[in-house]
1. Would you pull out the residues with amide H under 5 Å of A:Arg160's amide H, same chain only if 5 or more places away, H placed 1.01 Å from N?
2. If amide hydrogens are placed 1.01 Å from N in the peptide plane, which non-local residues have theirs closer than 5 Å to the one on A:Arg65?
3. When the Karplus curve 6.51 cos²θ - 1.76 cosθ + 1.60 is applied with θ = phi - 60°, which whole-Hz ³J(HN,Hα) does each residue of the range B:138-144 get, with x for Gly and Pro?
4. Quick one: what are the phi-derived ³J(HN,Hα) couplings along the range A:114-129, Karplus 6.51/-1.76/1.60 with θ = phi - 60°, whole Hz, x for glycine and proline?
5. At 7 Å along Cα-to-Cβ for each site, give me the label-to-label distance between A:His116 and A:Ala154 in nm.
6. Taking H placed 1.01 Å from N in the peptide plane, check which residues at least 5 places from B:Ile53 or on another chain put their amide H under 5 Å from its amide H.
7. Determine the dipole magnitude for the range A:155-251: charges of +1 sit on the beta-carbon of Lys and Arg, -1 on that of Asp and Glu, nothing else is charged, the reference point is the Cα centre, and the result goes in debye to the nearest 20.
8. Enter the Cα centre distance for the pair the range A:214-251 and the range B:107-158, rounded to the nearest angstrom.
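Values in this text are rule-based calculations from the coordinates and carry no lab data. This structure is a prediction, so every number in the text was calculated from the model and none was measured. Virtual Cβ from ideal backbone geometry, glycine too; neighbours counted across all protein chains shown.
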Amino acid sequence: MRRWLLTALLLGSAVSAEHAERQSGYALLGDELRALQDDDFANPGMLWVDAGERLWSQAAGPDGRSCQDCHGDPTSLRGLANRLPRFDADSERLKNLDTLVRNCREQRQQAAALPHESEDLLALTTLIAHQSRGLPLDVTVDGAASAAFEQGRASFERRRGQLDLSCADCHERLQGARLRGETISAGMINGFPLYRLTWEGLGSRQRMIRWCNEAVRAEPMNPDSQGALALELYLAWRGRGLTLETPAVRR
Amino acid sequence: MPAAGTPAPVPMPSVSDMGPTLHPGARLPGSILALLLTLAAGAARADCATFEIVGDGIPLPLSQQTADADAGRQAAADRQRGDCSICHQLPLPNARFHGNVGPDLSAIGARLTPPQIRLRVAANRHLNPESVMPDYGISRDRHQVAEAFAGQPILTAREIEDIVAWLASLDGSEP
């Protein structure tokens, strides 16, 4: 089917978005990188899981409370990350894993804020997402979340930046084609936070979205904005059923 | 082959010549269309140009300067400028890392006239709005453009002319 898709594209026909396949980026890895991800002793992302475990029981803020004091063992949060982002009815806002950890840190512990993509925030979010490794992505997109979901879908389809490309242009219509030497992925986010060789480090879903926006010369989105979180919700829904791989390894 | 950049008359395809082969979804006008498009939104920019689409080509060069095929080859290879080989097979270094998103252009000069190539580089989505290939010569109606690139098309008029001259010279004989 991939061949048919590409042929249709070369002919200039519009290809239905429904033909895109749900495929984890893991499928595009060579044997060596698969082995790196699969081996917890070799996987560089596990360093952040280890750092997260140390932070988990570390007291912070005026009351000297740790994550452990309220949540107990990190395993208590299994089944959380694969359901994020979620729409919070009280605040009427979407929240992703970064939002939850940052809110806990600032409002419950009343400790110093954890900046986006900081080592401590990545350590905690990687530890928490790692608890759900093997569970299917399963976000709620109906009911109160439906408006945000539609906003995310529109964002995915909207061409942007000087290069005037949408997420869908590449990750849906061109999935499997080769951009220079790289095979275009399906744009799935089931491995985040993940270790990316390009970054020589770990990054969140929102870091990847930022990277993509910059690649098409678009103004990056504020990772706290509802627009950015709506796009993340739509991306998670596109990957529904794929199992969480945190910490995944990608090129 | 006519050198791009020379204002000599170029044979224009008639409607029947265009046929349905290249772009089945394109709305090709039966008569000459006078579409004036602003090349660069910033009126103060030196490379600001307008162009006229006739049939499935842009007959006149976008820049008055003489086109330079060698400079076009460099602009096509430059990852910050054309970066054409990210999607197309072309006679440029590291051919094995070339993309396959768009058609093989190794002999494009034998298939298309300079006006046809010019339109496909500058405003390809005029032919097929669904195409992934961006309009390299247009900066209007863009969303969320990064500040450093706001109001500028991807390529300048001169770069487009240089690239058109280089592409028009490709007949498949280069390795």
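1. A:Leu165, A:Ser166
2. Correct list: A:Ala60.
3. Using θ = phi - 60°, the values come out as 10, 10, 6, 6, 9, 10, 6 Hz.
4. 9, x, 4, 6, 6, 4, 5, 5, 5, 4, 5, 5, 5, 4, 5, 5
5. About 2.1 nm, to one decimal.
6. Here the answer is B:Leu35, since their amide H atoms fall under 5 Å of that of B:Ile53.
7. Values: 15 positive and 11 negative charges, 40 e Å.
Here the size comes out at about 200 debye.
8. 28
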